[in-house]
Amino acid sequence: MIRLSVNGRRRAYAGPPFARLIDALREDWGLTGTKEGCGEGECGACTVLIDGEPANACLVPMGQLDGARVETVEALGTPERLNRLQRAFAEKGGAQCGICTPGMLMAAEAHRRAKGRKDREGICRALSGNLCRCTGYKHIIESVSAALKGKK
Amino acid sequence: MRPVGESAPRKDGPDKLCGAARYIDDHPIPGALFGVTVRSRSASGRIKGVRFDPSFPWAECVVADARDIPGKNAVHLLGDDQPLLADGVVRHAFEPVLLVGHPDRATAWRALENVTLEIEPIEPVLTMEDSVSRKRVIWGDDNVFKTITIKKGDAAAALAQAPVVVEGVYRVPHQEQAYIENQGMSAWFEEDGTLVVMGSLQCPYYVHKALQPIFALPAEKVRVIHAVTGGGFGGKEEYPNMLGGHAALLALKAKRPVKMIYDRTEDMQATTKRHPAVVRHRTGLTKDGRLLAQEIDILMDGGAYMTLSPVVLSRGILHATGPYECPNVSVLARSVATNTPPNGAFRGFGAPQTLFAAEMHWEKIASVLGKDPVDLRRRNAVKVGSVLATGQVLKESVSAGKVLETAVKRSNWTAARRAHARWNKDPGKPTWRGLGLSLVHHGAGFTGNGEVYLKSRAGLAIDRAGRVTVLAGSTEMGQGASSTLAQIAADALGVPYGSVSVERPDTARVPDSGPTVASRTTMVVGGLVRRAASDLRTALAKAAGRAPSGAPAFRRAARKLCGAASERRFLAEYERPAGLTFDDVNYVGDAYGSYGFAACAVELEVDRTTFEVRLLRVFTAQDVGKAVNPRVVEGQIAGGTVQGLGWALLEQCVYKDGALQNPRLTDYVIPTALDVPDIEVAIVEDPYSCGPFGAKGVGEMPMDPPGPAVAAAVFNATGLFLPTLPILPERIQEAADEEAARRALK
Ligand code: FES
Ligand code: FES
C-alpha cells in the first residue's frame with residue numbers, strides 16, 4: 001500500500017506500483033484537471049508538484065510516491081475564488097484552449113515558490129518544458145509576469 | 001463602457017484555470033468500453049485476412065469491421081470516397097480497418113499488439129509528381145481531385161513581351177496541427193434509438209450530417225454535443241466525422257457507450273495535416289518592377305482521399321498572386337491523390353502555401369532587379385479600386401499599404417538592414433543577421449458562394465428573467481469565439497457583457513451556424529447574432545411600450561415579451577451582402593466579401609558555425625476590421641504567428657513508404673517559450689461595412705506571413721535563397737556548401 005497526500009488530502013493507493021501517477025489522479029481519484037498531451041514527458045500538460053517540485057505525472061510511477069506530497073491544479077483555487085496566479089491568467093488571457101493551462105500553472109507556481117527570476121528570460125526557462133500551441137506564449141508570459149510582480 | 005472593443009475576460013477562463021473545464025476524456029461515461037483502431041501498416045494493398053492471437057482474451061472484446069456498418073460505408077464530406085473502415089483494400093498507411101472495444105483502457109490498447117492484418121501490397125504512388133504523371137491511377141481517371149484555373153488578361157502574351165521575366169519554384173511541406181489535446185469522441189445510443197456523439201470537435205453539424213448516412217438514421221435521431229476542445233487549428237474540422245463514426249459503430253455493436261481517445265502517436269500518424277504544395281511562378285515586370293504578368297502553377301498533395309482538398313485548393317489559388325494588382329494573370333491549380341494519409345484543413349487552408357511562394361518570389365525579383373523588396377511591394381500592392389485576378393474590385397477596407405508601412409516603420413527597415421549588412425561584412429562576428437518582411441491578404445469567411453450554400457442561422461434566446469443566451473453551433477476551441485459572440489450580443493442589446501451567456505453547442509439545442517472555420521465566426525456568425533439582437537431589441541421595446549433602459553426595465557420587458565412561454569428565440573439567417581457575385585465554375589467575381597491584410601517583419605541571426613537560427617524580433621501588423629476583443633485578437637495573432645514560425649524553422653514531417661516516421665512531440669518539434677521572442681503585435685482597424693461593428697476575419701491570417709518573412713530574413717542574412725520550408729540548420733548548411741562549390745567553379 002502506497003500512502004501519499006494529494007492536494008492536502010491523505011490517499012492510499014493499492015494498485016500496481018508501475019501505474020502512472022496521471023492515471024491514479026484522473027481515473028482513481030477523479031482529478032481530471034491534470035491533462036495528458038503526449039504521455040512521454042514532452043508536452044508538460046500533466047505537470048504537477050511532487051514535494052513542491054514540478055514533475056510530469058505521465059512519467060512518475062506510483063511506486064515512487066510513498067510519503068510524497070502531490071499537488072495538482074485543483075489545489076490552486078476554484079472558479080469562484082481564483083488564486084493570484086489564476087487571476088493573472090484570467091486578466092491577461094493566459095488560457096486559450098486551456099489544455100496546457102493546468103500544467104503551465106503548476107510550472108509557474110513552482111517557479112513562484114522557488115522565488116525564481118521575474119524577467120522574461122527567467123519565466124521562459126521555467127515554462128520551457130510546457131508546450132502551448134495556442135498562445136505563442138505571449139499572454140502566458142505576461143500572466144506569469146504580472147502574478148510575480150503583483151503586490152499582496 | 002460598450003462591450004465591443006473591450007478586452008473583456010474570457011467566458012471560458014475560470015473553469016479552464018481550475019481544471020474544472022471538461023474535455024472529452026474528462027467526462028465520466030458510465031459503462032463505457034474504450035475503443036481502439038486497428039490500422040493498416042501498408043500504404044497500398046489488398047486485405048487478405050486478419051489474424052487474432054488466441055492468447056489474448058478476445059471474448060472480452062467487441063470487434064467491428066466494415067460489414068457492421070448499417071448504412072453507407074463512407075465518411076461524408078465533399079466526396080463520399082473515404083470509407084469509414086477499409087473494405088478489402090487499403091489506400092494509405094494507418095487507414096482504419098477494424099475497431100476493438102474493451103472495458104479496460106490498457107487492455108484495449110494491448111489488443112492492438114495481438115492482431116495482425118495480412119495485406120498483399122500494391123505498388124503505392126507516394127509523390128505528387130508520380131501522381132500527376134499517372135505512374136499508376138489510384139483515384140478517379142487521372143489522380144486529380146480538382147483542377148481550378150483563373151484567367152485575367154493575357155498572361156502568355158504579356159510575358160512574351162515583358163522586359164524582365166523571373167521564374168521560381170517554391171515548396172512547402174506537411175504540417176501537423178499539434179493541438180495539445182488529442183482527438184477523442186464518445187458515443188452511445190439512447191433508449192429511443194437516438195445516436196449521441198460527444199467530443200473534441202470544431203463543427204458539430206458536420207458530424208451530425210456525416211453520421212446520418214453511415215447509420216441510416218434521420219437527422220432528428222442524431223445528436224452531436226461539443227465537449228470543451230483543446231485546440232483544433234482545422235485538425236478537428238473534418239476528422240471528427242471519422243472518429244465519431246468509429247465510436248458510434250462500436251457502440252452500436254457493443255450495445256454500450258464507447259469512448260475513443262487517441263494517443264499522440266496515433267493522432268499524428270492517422271489524422272489530417274496541412275497539404276504540401278509545389279508552386280511555380282513566372283512573372284513579367286517592367287525594369288522598375290511593376291507587375292505585367294503572373295503565371296502560376298500550383299500542385300497540392302491531397303493524400304489518399306478527397307476530404308476537403310478541393311476547397312483548400314480553392315483558397316490556395318485565390319491567394320496565389322498575393323495582395324498585388326497585376327493586369328495579366330493565369331493560374332492553374334491542381335490537387336492530386338497519393339497513397340498517404342489524407343491531408344485536410346489547417347489554419348490558413350491553402351493560403352499559407354501559395355502566399356509563401358508569392359512572397360518569396362518578390363525576394364527573388366528584388367535580387368534580380370537589384371531593388372529593395374519593400375519598394376517593389378509598395379509599388380504593386382492593392383488599394384481601394386484595385387482589381388484582383390478574379391476580376392473582383394476591392395471597394396473598401398483595403399489596408400495593404402497601411403500594414404506594410406507599419407511593419408516597415410516598426411522594424412526600422414532601412415536602418416536595420418544597413419546595420420546588418422555592416423555586421424555581416426565583419427568576419428569576426430559569430431553570426432549573420434538579417435531582416436525580412438512579408439505582406440499578405442486573407443479572405444474572410446467561406447470562399448465564393450460558400451456562405452450562400454451554408455444558409456447559417458444563429459441568434460439569441462431570452463427568458464422571463466431577462467437572461468440572454470447566444471445560440472450558435474460555433475464552437476469555442478481556444479480562439480475566443482464564445483466571448484466574442486457574447487460581446488457582440490451585449491453591445492447590440494445594450495446590456496452588460498456579464499449578463500449574456502453562451503449555449504454549449506449541441507445540435508439538439510442550437511441552430512446550425514455553419515462550421516467553425518475559415519475565419520468566419522466573428523464576421524459571419526457575429527453578424528447574425530448582431531441582427532438577432534437588434535430584432536430582440538425591437539421586440540422588447542414593442543412589448544414594453546418603449547425601449548427598456550436599465551436592468552429592472554429590461555427584466556420587465558423580457559417578462560412581457562415571453563408572456564406564457566419560458567423563453568423566446570430570435571434567429572437570423574445569412575443573407576449575402578448586396579452587390580457580391582461569384583462564378584464558381586470560371587472563378588470570376590467576388591471571391592470573398594472582404595480581406596484582412598497583414599505584414600510581418602522578422603529579424604534573426606544565423607550562427608556561422610552551426611547554422612542555427614535565432615529569432616531576434618518578430619513584429620506583425622494585422623488589419624482585422626474591428627477588434628471586438630483586442631486581447632483575444634492579440635492572442636490569436638501571437639499564437640498564429642508562432643505556429644507559422646514553427647512551420648518555417650522547426651516542424652518537419654518525415655515520411656517513409658507513406659508513413660510518418662516521427663509521430664511524437666519529441667521528434668516533431670514545435671516551438672517552446674524559449675524558441676520565440678515576444679511577438680510584437682499592432683492591431684490595425686480598417687472597418688468592413690458588412691461585418692458586425694466593422695469586423696473582418698481574425699483566426700487564420702496570422703499563419704500566412706511568418707514563413708516567407710523568415711525565409712526572406714535568412715536570405716538577407718546569408719545571401720542564401722531557400723525556397724523550401726522548413727529552414728533547418730542542415731538545409732542552410734547544404735545551401736552554403738552548394739554556394740561555395742559554385743563559387744569555386746567560377
Ligand atoms: S502528458 Fe506528460 S509530458 Fe505530455
Ligand atoms: S492554450 Fe491551448 S495549448 Fe495552450
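The values are calculated or read from the model by the stated rules, or taken from the named source; none is laboratory data. It should be emphasised that the depicted structure is a prediction, and the values quoted were computed from it without experimental measurement. Every residue, glycine as well, gets a Cβ built from its backbone with ideal geometry; the counts of neighbours run over all protein chains shown. Keep in mind that these areas ignore ligands, DNA and RNA; they rest on the heavy atoms of the full protein, side chains included. Shrake-Rupley method; radii C 1.70, N 1.55, O 1.52, S 1.80 Å.
The separation of region A:75-152 from region B:322-378, counted between C-alpha centres, amounts to 38 Å. Residue ranges B:207-213, B:697-703 sort as B:697-703, B:207-213 when ordered by packing (mean number of other C-beta atoms within 10 Å per residue, highest first).
Among B:638-646, B:101-109, B:729-737, what's the highest-first ranking by average C-beta atoms within 10 angstrom per residue?
Values: B:638-646: 28.4, B:101-109: 17.1, B:729-737: 15.1.
Output ranking for B:638-646, B:101-109, B:729-737: B:638-646, B:101-109, B:729-737.
Per-residue mean of foreign Cβ neighbours for B:179-187 is 4 (Cβ atoms of other chains, 10 Å radius).
Across peptide A:36-47, the mean count of Cβ atoms from other chains lying within 10 Å of each residue's own Cβ comes to 5. Among the GluC sites (Glu not before Pro) found in region B:143-201, those both in a DSSP coil and sparsely packed, with 14 or fewer other Cβ atoms within 10 Å of their Cβ, are B:190, B:191. Each label was represented as a point 7 Å from its Cα along the Cα-to-Cβ direction; for residue B:78 and residue B:739 these points are 3.9 nm apart. Contact order, relative form, for region A:2-75: 42 percent (alpha carbon pairs under 8 Å, 6 or more residues apart, mean separation divided by residue count).
With +1 on each Lys and Arg Cβ and -1 on each Asp and Glu Cβ, how big is the dipole of the protein assembly as shown about its Cα centre, in debye rounded to the nearest 20? It would help to have the intermediate numbers written out before the result.
Details: 111 positive and 99 negative charges, 581 e Å.
Once rounded to the nearest 20, the dipole reads 2800 debye.
Pairs exceeding 20 Å between alpha-carbon atoms, taken from B:236/B:259; B:402/B:626; B:209/B:696: B:209/B:696.
Per q in 0.14, 0.15 1/Å, what log10 I(q)/I(0) does a Debye calculation on the alpha-carbon atoms of region B:477-555 return? So the normalised log intensities are -0.51, -0.58. Extension gain, residue B:87 to residue B:255: 0.36 nm times the residue separation minus the Cα-Cα distance gives 58.2 nm. Rounded to the nearest 20 debye, the dipole size of chain B about its Cα centre is 1960 debye, using +1 on the Cβ of Lys and Arg and -1 on the Cβ of Asp and Glu. Converting the Cα gyration tensor eigenvalues of chain A into ellipsoid dimensions via √(5λ) gives semi-axes, longest first, of 27, 15, 14 Å.
Helix A:101-113 and the longest principal axis of the C-alpha atoms of chain A enclose an angle of approximately 80°. With each label modelled as a point 7 angstrom along the Cα→C-beta vector, the residue B:581-residue B:116 pair spans 6.5 nm.
Across region B:619-624, coupling constants 3J(HN,Hα) worked out from phi with the 6.51/-1.76/1.60 Karplus curve, θ = phi - 60°, read 10, 9, 10, 9, 9, 10 Hz, and Gly and Pro carry x.
Taken as entire DSSP H runs, the helices of chain B that both span 20 Å or more between Cα atoms along their own long axis and average -0.5 or more on the Kyte-Doolittle scale are B:239-254, B:351-369, B:526-544, B:630-649. Here the relative contact order of chain B, from alpha carbon pairs under 8 Å that lie six or more residues apart, stands at 16 percent.
Remark: C-alpha extents of chain B on the principal axes read 80, 76, 50 Å, sorted largest to smallest.
Taking only the C-alpha atoms of region B:627-720, the Rg (one decimal) and the largest Cα-Cα distance, Dmax (whole number), read 16.8, 51 Å.
Hey, with R₀ at 51 Å, roughly what FRET efficiency would residue B:137 and residue B:541 work out to, going by the Cβ-Cβ distance, to 0.05? With R0 = 51 Å, the Cβ-Cβ based efficiency is 0.20.
For region B:181-242, what does the alpha-carbon gyration tensor say about shape, rounded, prolate or oblate, given a ≥ b ≥ c as the root eigenvalues, a/c under 1.5 as rounded, and a/b over b/c as prolate? Prolate shape, in that a/c is at least 1.5 and a/b is the bigger ratio. Percent of accessible area on chain B owned by carbon and sulfur, 1.4 Å probe? It is 51 percent, rounded to a whole number.
FRET efficiency for the pair residue B:412 and residue B:387, taken as 1/(1 + (r/R0)^6) with r the Cβ-Cβ distance and R0 = 41 Å, rounds to 0.75.
Could you work out the mean count of beta carbons from other protein chains within 10 Å of each residue's beta carbon in B:635-647?
Values: counts 11, 4, 2, 10, 10, 2, 2, 7, 3, 1, 1, 2, 0.
So the per-residue partner count for this stretch is 4.
On a full-extension model of 0.36 nm per residue, what is the gain between residue B:147 and residue B:556, subtracting their alpha-carbon distance, rounded to one decimal in nm?
Values: separation 409, 0.36 × 409 = 147.24 nm, distance 5.85 nm.
Additional length available on full extension: 141.4 nm.
Okay, which of region B:498-513 sit inside 16 Å, backbone N to the point 7 Å along the Cα-Cβ direction of residue B:565? Under 16 Å, as judged by backbone N against the label point of residue B:565, lie B:509-511 of region B:498-513. Grouping the Cα pair distances of the protein assembly as shown into 10 Å bins from zero gives a pair-distance distribution of 2, 12, 22, 25, 21, 12, 4, 1, 0, 0 percent in increasing distance order. What whole number of Å gives the distance from the Cα centroid of region B:538-554 to the Cα centroid of region A:1-56? Distance between centres, Cα-based: 53 Å. Report note on the peptides B:266-277, B:460-471: ranked by the mean count of other C-beta atoms within 10 Å, highest first, their order is B:266-277, B:460-471.
Output the relative contact order of chain A, whole-number percent, from Cα pairs under 8 angstrom with separation of 6+ residues. Spell out each step's value before the answer.
Numbers: 266 pairs, mean separation 37.0, N = 152.
It comes to 24 percent, rounded to a whole number.
Note on region A:84-148: the alpha carbon radius of gyration divided by the globular reference 2.2 N^0.38 Å gives 0.94.
For region B:227-293, how big is the tail of P(r) above 14 Å, as a whole percent of Cα pairs? The share of Cα pairs beyond 14 Å in region B:227-293 comes to 74 percent. For region B:32-46, the residues whose amide N sits under 17 Å from a probe point set 7 Å from the Cα of residue B:106 along the beta carbon direction are B:34-35.
Taking all C-alpha pairs of region A:2-75, those more than 16 Å from each other amount to 39 percent.
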